[in-house]
Amino acid sequence: MKRPLALLIALIWSAPLLAHHGVAGVGAAALEGPGAPIESASSATLPAGRALAYLKLDHAEYKRYDPTAPEADYARYWMTGLGYGFTPWFSGYLFVPYHDKTDEPGGYTSRGWADLALMGQLGFKYDGRDGWQLNPAHESLDDLEDWHFTVFAGATLPTGNANARDSLGQIDPGKSRGFGKSSFSLGASAAKMLSPRLTLNLEISAIRFQEYTYADGQRVKFGDENRLNGALSYRLLADAERKFRLDGVLEAQYLHLGRDKADGVGEAGTGGRMVYLMPGIRAYLDSFSIALGVKRPVWTRLNESHLQQGAEGKEKYRLIFSVSRLF
Amino acid sequence: MLVRFLTCLGLCAGLAAQAKAHDLWLEPEPAGLTLYQGHRHSSHAGADLEPYDPALLQAARCGAEPVRPLNPGYPLRFADCPRLSLDLTSGYWTKTPWETRNTAKTGIPHVLKSWRSEERLIRLSRWDATLARPLGDGLEILPTHDPFALGAGDKLEVQVFDAGQPAAGVTVAYGNSSRGVTGPDGRIKLRLRQAGLQRLSATRETALTDGKADVLLRTCTLQFELPR
């Protein structure tokens, strides 16, 4: 095994499993309803019988340290998705990611469609009068002030090319466009309007990978991913006549990455813990929702920091943009 | 739901606001239940009380029985009643680029929109499940459980009926704030924000074919009081 940076970049492939995070636009069911995060999981399910189209870009720009060697320059993780509300309390999603991981000149740049992902989301709420219940079909703005929760689970399908080879004919698992086997995610979210303008969103989630034997015989199991996210969104303005709303959002994300294993042995230069802060905005116009945020690591404890250029925690910044529309 | 709700917020509520820029409510006084109009309980600014033409009143009922006001002039007063229901109308309204006039659109140039405004005020003074049954005519908004057992911060479920049938998709407001639309069973839950006078309103707009206005805008307001 080699290139810890490449392995770490691969960890970001978990993004498809969490891509519903940006779907949060539907969380604002009305101009005065709860706000939604930029990237973390929202506690809103899709209305029954309605579909959601979704596009997200996660542009990561990496810090570079060695001017004499090609390092990871940037990565662009595109995500298209479709969601459908099967019932008021259950939504299903299909995500199709496209990845562009670009090194500095002389390095290995990899682009292509990655593993498809499927996800199911169950929504429920707590009402002081009626207790726990699955999300009902109709809620007033006052109902939307209650605690809302979701549990979600997903899996990737090994549709991406896990055995792509570089110019030297070698397989770099970190730059492959698939994991070779399914990975699995499980999470929960909670949301509460703290005031008519301020909404709190919380998320806890985990992703687990399976060991995969590549065409050249190497066996790799990527490290576990555990997330704890919190977001505050504040309604800055709402214009009922134009069906427009603008929210300011501040999001904090804690990420714990386990150490990768190659041929059963822990890999140096992988894994660690970090906290990101992301200020941003979310705008709603009729059935559209657009979100933009800039994410930066503000606290990192990487296992071998000096070996982890191009890894999560080593970004200059990440630009998160998403647009979604409810049909 | 989202689009429909936003449309209702933008159009129904806007039109309703034009039609009734001030509130009507019944005040319990020693001389009887007195009908007032103004902004005493409104979230927007305006005179505390505004005189009205007693001819606004079309009908009054205590329960299902027709009643008459205790006096013919302003302010109208009524004998105490567990469920007093008043039907009122301010007639036709027409909006042009320059003004909003209390008249039918007939003969008026450059009409932007026009409507006939009808308002019903239902006041409950005590809880009895029989009082919360629809009488079966027009628009009605009624609680599905005892509202007098609640306090500020609690939620009340109400049901909206039109001609005695549950009415779906009707915009419902608490005070002057639209809070959502009713579900297929005509039900919606609203949070009671403060003690004292409670006003929950349902507004429905339907097309008119009498040539005097484009739409009929009906509002039914449920009124009751919680101890302060």
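Just a few scattered comments:
- Working note: Karplus 6.51/-1.76/1.60 with θ = phi - 60° gives the range A:181-198 the couplings 9, 5, 10, 10, 10, 8, x, 8, 9, 9, 9, 8, 6, 7, 7, x, 10, 10 Hz, where Gly and Pro are set to x.
- Across B:196, B:211, B:164, mean-square fluctuation computed from a Gaussian network of chain B (C-alpha pairs under 10 Å connected) peaks at B:211.
- GNM result for chain B, Cα springs below 10 Å: residue of B:148, B:78, B:161 fluctuating most strongly: B:148
- As a ratio to 2.2 N^0.38 Å, the alpha-carbon radius of gyration for the range B:109-150 is 1.78.
- Residues residue A:76 and residue A:239, FRET efficiency given R0 of 25 Å [Cβ-Cβ distance, rounded to 0.05]: 0.15
- Note on the range A:179-197 and the range A:67-134: Cα centroid distance 11 Å, given to the nearest whole angstrom.
- Annotation: extensible slack from residue A:161 through residue A:57 equals 35.3 nm (criterion: 0.36 nm per residue apart, minus Cα-Cα distance).
- Nearest-20 debye value, the range B:2-226 charge dipole, Cβ charges on Lys, Arg, Asp, Glu: 460
- Estimated translational D of the protein assembly as shown in µm²/s (Stokes, Kirkwood radius over Cα pairs; 25 °C; 0.890 mPa s): 93
- Calculated mean residue ellipticity at 222 nm for chain B: -1500 deg cm²/dmol, from DSSP H runs with n ≥ 4 weighted as -39500 (n - 2.57), summed, divided by the residue count and rounded to 500.
- Between the listed residues B:149, A:89, A:179, the Cα displaced farthest toward the positive end of the dipole of the protein assembly as shown, a dipole computed from Cβ unit charges relative to the Cα centre, is found at A:179.
- The number of Lys pairs in chain B with C-alpha atoms less than 17 Å apart, excluding pairs fewer than 8 positions apart on the same chain, is 9.
- Residues residue A:246 and residue A:181, FRET efficiency given R0 of 30 Å [Cβ-Cβ distance, rounded to 0.05]: 0.10
- Most mobile listed residue (A:261, A:314, A:295) in chain A, GNM with C-alpha springs under 10 Å: A:261
- Subtracting the Cα-Cα distance of residue B:137 and residue B:185 from their residue separation scaled by 0.36 nm leaves 15.5 nm.
- In a DSSP loop and with at most 10 other Cβ atoms within 10 Å, the GluC sites (Glu not before Pro) in the range B:92-159 are B:99.
- Shape category assigned to the range B:67-121 from the gyration tensor of Cα positions, a/c cut at 1.5: prolate
- Helical content alone sets the calculated 222 nm signal of chain A at -500 deg cm²/dmol, taking -39,500 (n - 2.57) per DSSP H segment of four or more residues and averaging over every residue.
- Inverse mean reciprocal Cα-Cα distance (Kirkwood Rh) of chain A, Å: 20.0
Since every read-out is calculated from the coordinates, none of them should be taken as a lab result. This is a predicted model, so every value here is computed, not measured. Don't worry about glycine lacking a Cβ; one is built from the backbone with ideal geometry, like all the others, and counts go over all protein chains shown.
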